[in-house]
Amino acid sequence: MKNKILVIGGAGYIGSHVQKQLLEEGFDVIVYDNLSSGDIINILVGSKFIKGDILDYNQLKNVMCDNIDGVIHLAAKKAVGESMIKPEIYATNNISGSINILNAMVECGVKNIVFSSSAAVYGMPLYSPIDEKHPINPINYYGYTKRCIEENMEWYANLGKINFASLRYFNAVGYADDKSIQGKERNPQNLLPIIMEVATNKRDCLSIYGNDYDTTDGTCIRDYVHVSDLAKAHTKAIKKLINENTSFILNLGTGIGTSVKEIVDATQKVIGKKINYVYSDRRSGDPAILTACADKADELLGWKPEYTDIEDIIKTVWNLEI
């Protein structure tokens, strides 16, 4: 009998790729999404879709009580800047909504949850690559909400109510090679989607925030992990929870640092077109270098990123534009 997995936020960018991977591995998939940032086009053949909100506890509970074997929770607001201006929205959606999920799981006897967390829980890096032993000190409210949810899951797990896996992403990039995921992020906040908007004349220019960091070219260095690799980590994590009755926290990244300027240069090479950009002032709270140590993910899940060449990653994004 197939395991039935509830993917909350499964119509979004990462959620749709997780959905795809689950289907390919033979799971029954239910997508629960309010479509505030997800796209109906990302509901894949084979998935059941329920339009619903994590703030609607009764609807969430009704879905959860349908013999669900595991939950993958990707339904968070994620704009760092917005979280510092409108923390009440992030408190309500990210924290209260996640507690609704945990409570519905407990009420319905659902034991296993994989949570989409973030490297933002670490704050300013004291060293890089960052491992899971790095101190937790979020410097924005978004990162705080992720850590707050982790703390609640830790309590529920210690009290014997759930098993959880918290997956701390670094910079998610790319799209499925086969173009099966067509829905693009609305109002993108991240570097590569913005570069693509410049490349396709939807945006005039890219702002690069700071060119005086202590890096090879003066721009920030980040760890870019392909979304299909992230999706595989989720399926490995839910299998481990179901089979082993355990809980864990893992970083997900490549361990490879790429600067903003290197991303721009690589994109220009891939698409054969100049990207217009200007240097702007640094953003508050941006560390010079932020990369992951993901050795624990390899140790616990046998997970290693398959996409490690930045040009290959960029090609998967550009393929949607041509």
The one condition in (1) part of a strand (DSSP E or B); (2) farther than 20 Å from Ala292 by Cβ that Gly160 fails to fulfil: (1)
Flag if Lys261 is out of contact with any Lys or Arg (no Cβ under 9 Å at 6 or more places or on another chain) and either within 20 Å of Phe27 (Cα to Cα) or open to solvent by 50 Å² or more (accessible area, probe 1.4 Å) (or both): no
Those residues of the stretch 133-148 which are part of a loop (DSSP other than H, G, I, E, B), touching a helix residue (DSSP H, G or I) at 6+ places or on another chain (Cβ under 6 Å) and under 13 Å from Gly81 (Cα atoms), in sequence order: Asn140
Residue match in the stretch 299-322 (condition: among the basic types (Lys, Arg), open to solvent by 10 Å² or more (accessible area, probe 1.4 Å) and without any contact (Cβ under 8 Å) to a residue 24 or more places away in the chain): yes
Residue that is nearest to Ser180 (Cα to Cα), among those in the stretch 15-58 that are open to solvent by 50 Å² or more (accessible area, probe 1.4 Å) and small (Gly, Ala, Ser): Gly46
Single match in Thr215, Thr246 (criterion: in contact with a strand residue (DSSP E or B) (Cβ under 9 Å, 6 or more places away or on another chain), open to solvent by 10 Å² or more (accessible area, probe 1.4 Å), over 25 Å from Gly123 (Cβ atoms) and not hydrophobic (A, V, I, L, M, F, W, C)): Thr246
Flag for Gln189 being part of a loop (DSSP other than H, G, I, E, B), polar (S, T, N, Q) and within 22 Å of Tyr90 (Cβ to Cβ): yes
In the stretch 264-287, the residues that are free of Cβ contacts under 8 Å to residues at least 24 places away in the same chain and within 11 Å of Val198 (Cβ to Cβ): Gln268, Lys274
Residues of the stretch 118-165 that turn out to be among the aliphatic types (A, V, I, L, M) and open to solvent by less than 40 Å² (accessible area, probe 1.4 Å), as a count: 9
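The values are calculated or read from the model by the stated rules, or taken from the named source; none is laboratory data. No experiment lies behind these values; they were computed from the predicted model shown. Cβ coordinates were reconstructed from backbone atoms using ideal geometry, including for glycine residues, and neighbour counts include every protein chain displayed. For accessibility, only protein heavy atoms count, side chains too; no ligands or nucleic acids. Shrake-Rupley method; radii C 1.70, N 1.55, O 1.52, S 1.80 Å.
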